[in-house]
Amino acid sequence: MTTQQARLPSVFQVILSLGIFLALAFSFTAKLDLPIQLALFIGWFVIMVLGLKLGHQYKDLEAAATKGISNGLGAVLILLSVGALVGTWIAGGIVPTIIFYGLKAIHPSIFLLATMLICSLTALATGTSWGSAGTAGIAMMGIGQGLGIPAPMTAGAVLSGCYFGDKMSPLSDSVILASSMSGVEIVEHIKGMLPIALISYIITGILFTAVGWHYAGNVDMGQVETVMLAMEEQFVITPLSFIPVLAVLVLLAMRLPSFPVISFGSLLGIVWAVMLQDMTPVQAINTAWAPFHISSGVDFIDAILNRGGMESMLGSVAVIVFGLGFGGLLEKVGVLHTIANLFERRVNSAGSLATSTIGTAFMGNIFGSAMYVSLILTPKICAKNYDRLGYQRKNLSRNAEFGGTLTSGMVPWSDNGIYMASILGVATLSYAPFMWLSFVCIAVTIVTSYMGWFVDKVDDKQTAAETMTPAAEKA
């Protein structure tokens, strides 16, 4: 039987197979203390069995899994390079210097708001939420712990800022992907997101400010002074340590590829470790691979700085590889297409369009285990509904972006969830409730869509098909 004869899975088959996977994922992580890698690995065979039953050949299913992996290997390279960056920047005193001056300058009452603003600007300038979390995000996590702010809450502020800046940047890979797959110009895509994103950003900023005032009176400034003194004893604290940070941010803002730029940043960390921290070249180079080790006697410092190196990322690499392969199998078998077809009969307004698109994108993250899977599949699946109802494709690109990007960090086995948990040192399910920008933005999108606000119909003289670009037609 050839793949041309294969059929789409039924709703029952989809529920059964995905139910088995979700049961494995949650039981392994929450109950049995087993690695999520094993759940994803077993999930491959669950979907393969379904694919064989539907008429697919094994060699085609295996090819789909390997194709899914190959399409996402860029994320693996960036993950490893960021691991090297973190290790060398800690050894070189770069991260400790940022934390030191941050503790000295930022008042606890505005810390969460400042965290969101700083990470927003970093992501906006560089076009990468990953690079922003791996630089400004790590520093803000350290400052937050020094001020006594709960780590999951700080992580929520970091991610709120990183994802907002990333969405508003024309340099962002996800912005380019979401717009091109929907057949929309990048500028139009950003303009379509801007009103809802700004409203959500202001609401989120107010929330973080209010919570920040709550913690301001509970900060032990004596503890802060102890941390700063311990930092000075362990590292040479100097403004020169900001040079590698500025160099990396400028190169990323110049739209140079992330992998070589971040790798260059780790090289600067090695140089700084040798020149300023009196490490031998061999010791400094090793921090790019193995986690940096320090024993300062201050629990906070040891917890935040004993980390980094490519070795610490290998578990995350395995999750991403298995997750990408799982997403490739789901696309081949047609699981999300079956779900989308089920939704199609209920889509009859701008509000239901937004809800179904965001839901499809979220499922792309849950079952595709990667943001890129979500941003590729969602426009393909949902475009016909926008064309059928006469809504412009920039509504599609906006809803796919919000649903795919803003929820990617909430899924423990997705590429973003794994990366952010590894970089920030907080479990995905611990920081997810504090990703307030994501929740607010999705809620505002759905509500305003049902109200008919910020929704654009196709002009009377223009058909939906005419709004498509060649990139969308290829998609």
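Points to keep in mind about this one:
- When each of the peptides 137-144, 418-425, 199-206, 154-161 is scored by how many other beta carbons lie within 10 Å of its residues on average, the order from highest to lowest is 154-161, 137-144, 418-425, 199-206.
- Shape call, segment 326-464: gyration tensor on alpha carbons, a/c limit 1.5: oblate
- Cα Rg, Dmax, the chain, angstrom units: 22.9, 73
- Look at the alpha carbon pairs under 8 Å that are at least 6 residues apart: their mean separation over the length of segment 136-230 gives a relative contact order of 30 percent.
- Positive-end residue, the chain charge dipole about Cα centroid, Cβ charges, pick of TYR163, ALA247, TYR101: TYR163
- Rounded to the nearest 0.05, the FRET efficiency derived from the C-beta distance between MET451 and GLU233 at R0 = 51 Å is 0.30.
- Accessible area of the chain belonging to carbon and sulfur atoms, whole % at 1.4 Å probe: 67
- Å² of accessible area per residue within the chain, as computed with a 1.4 Å probe and no ligands counted: 40
- Span per principal axis, largest first, for the Cα atoms of segment 86-222 (Å): 56, 36, 21
- Lysines with Cα under 20 Å of LYS191, excluding same-chain neighbours fewer than 8 positions away: LYS167, LYS394, LYS457
- For segment 309-401, relative contact order (Cα pairs under 8 Å, six or more residues apart, normalised by length) works out to 29 percent.
- Here the extension length gained between VAL271 and ARG388 equals 36.3 nm, from 0.36 nm per residue of separation less the Cα-Cα distance.
- Charge dipole (debye, nearest 20) of the chain; +1 at Cβ of Lys and Arg, -1 at Cβ of Asp and Glu: 1400
- Straightening the chain between LEU22 and VAL187 buys 55.6 nm, computed as 0.36 nm per residue apart minus the Cα-Cα spacing.
- Based on Cα contacts under 8 Å between residues 6+ apart, the chain shows a relative contact order of 24 percent.
- Cross-link partners for LYS332 among the lysines, with Cα-Cα distance under 23 Å and sequence neighbours closer than 8 places in the same chain left out: LYS53, LYS59, LYS67, LYS380, LYS384, LYS474.
The values are calculated or read from the model by the stated rules, or taken from the named source; none is laboratory data. What you see is a predicted model; the values in this text were computed from it and never measured. Ideal geometry is used to build each Cβ from the backbone, glycine not excepted, and the neighbour counts take in all protein chains shown. Only protein heavy atoms, including side chains, enter the accessible area calculation; ligands, DNA and RNA are left aside. Shrake-Rupley method; radii C 1.70, N 1.55, O 1.52, S 1.80 Å.
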